[in-house]
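Below you'll find the structure, written out as structure tokens, and then a few comments.
The values are calculated or read from the model by the stated rules, or taken from the named source; none is laboratory data. All of these numbers come straight from a predicted model, not from anything done at the bench. Quick reminder, even Gly has a Cβ in these numbers, built from the backbone with ideal geometry, and neighbours come from all protein chains shown.
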Amino acid sequence: MYSKEQASQLRQEFWTTFGQYMRPVLSAEGLRINWINYKTGVRNIAFKMDADNKRASVGIELNHADPELQELYFEELKNFRTLLHNTLEEEWDWVLHTSDDSGRTVTRIFTEIQSVSIYQKEDWPKLISFFKPRMIALDDFWSNAKPAFEA
């Protein structure tokens, strides 16, 4: 088991490594992008990657404080469901109104893998192979869907 400090250091090291690995990858629009802190450009819509000692997940999070507005965004995203799944080449889970780690109500469209640990460096290639194509596909999807959410 790792101390809090060691765990924090390993998480930071992984995300730094992932960021360096993704640095040469340009966005769908040919621009440099911060893949770790991806900015959708639309308030209350975020692309999130997460990993802990058991699993990793990547997805779209709708985090507006008003659950009704979350539902509105969710319904709008449903209009793009086929485009999203075709771009990702896989289907993701769609969960309206769940809780995040802080207890806030959020809505998530995501996928995850089990039996990987951010604290085990031998799992890092699996994590990178999981995150990389999905973030690139999310960016590609978003370059087409974003105009519908900017209004």
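No other residue among GLY41, GLY59 is within 16 Å of the chain's Cα centre (by Cα) and within 21 Å of THR111 (Cβ to Cβ) apart from GLY59.
Kindly evaluate ARG55 against the criterion of being out of contact with any Leu (no Cβ under 9 Å at 6 or more places or on another chain), basic (Lys, Arg) and modelled with pLDDT under 95.
Details: out of contact with any Leu (no Cβ under 9 Å at 6 or more places or on another chain): yes; basic (Lys, Arg): yes; modelled with pLDDT under 95: no.
So ARG55 does not fit the description; no.
Going by the conditions given, is MET49 aliphatic (A, V, I, L, M) and touching a strand residue (DSSP E or B) at 6+ places or on another chain (Cβ under 6 Å)? Give the derivation first.
Values: aliphatic (A, V, I, L, M): yes; touching a strand residue (DSSP E or B) at 6+ places or on another chain (Cβ under 6 Å): yes.
Here the answer is yes, as MET49 does meet what is asked.
A search for C-beta distances below 8 Å between a residue of the stretch 70-91 that is part of a helix (DSSP H, G or I) and any residue that is surrounded by 18 or more Cβ atoms within 10 Å (Cβ to Cβ) and among the charged types (D, E, K, R), counting only pairs 6+ apart in sequence or on different chains, returns LEU88/ARG134.
Considering only residues of the stretch 38-56 that are in contact (Cβ under 8 Å) with a residue 40 or more places away in the chain and not in a strand (DSSP E or B), which is nearest to ARG11 (Cα to Cα)? The selected residue is ASP52.
The single residue among ASP123, ASP140 that is charged (D, E, K, R), closer than 24 Å to ARG43 by Cα, in a helix (DSSP H, G or I) and at pLDDT 95 or above turns out to be ASP140. Any residue that is in contact with a Ser or Thr (Cβ under 8 Å, 6 or more places away or on another chain), surrounded by 15 or more Cβ atoms within 10 Å (Cβ to Cβ) and polar (S, T, N, Q) - is there at least one of those in the stretch 20-40? For the stretch 20-40, residues in contact with a Ser or Thr (Cβ under 8 Å, 6 or more places away or on another chain), surrounded by 15 or more Cβ atoms within 10 Å (Cβ to Cβ) and polar (S, T, N, Q): present. All of (1) under 25 Å from GLU150 (Cα atoms); (2) surrounded by 14 or more Cβ atoms within 10 Å (Cβ to Cβ) hold for ALA65 with one exception: (2).
Taking the criterion of being in a loop (DSSP other than H, G, I, E, B), β-branched (Val, Ile, Thr) and free of Cβ contacts under 8 Å to residues at least 40 places away in the same chain, the only residue of the stretch 1-37 that qualifies is ILE36.
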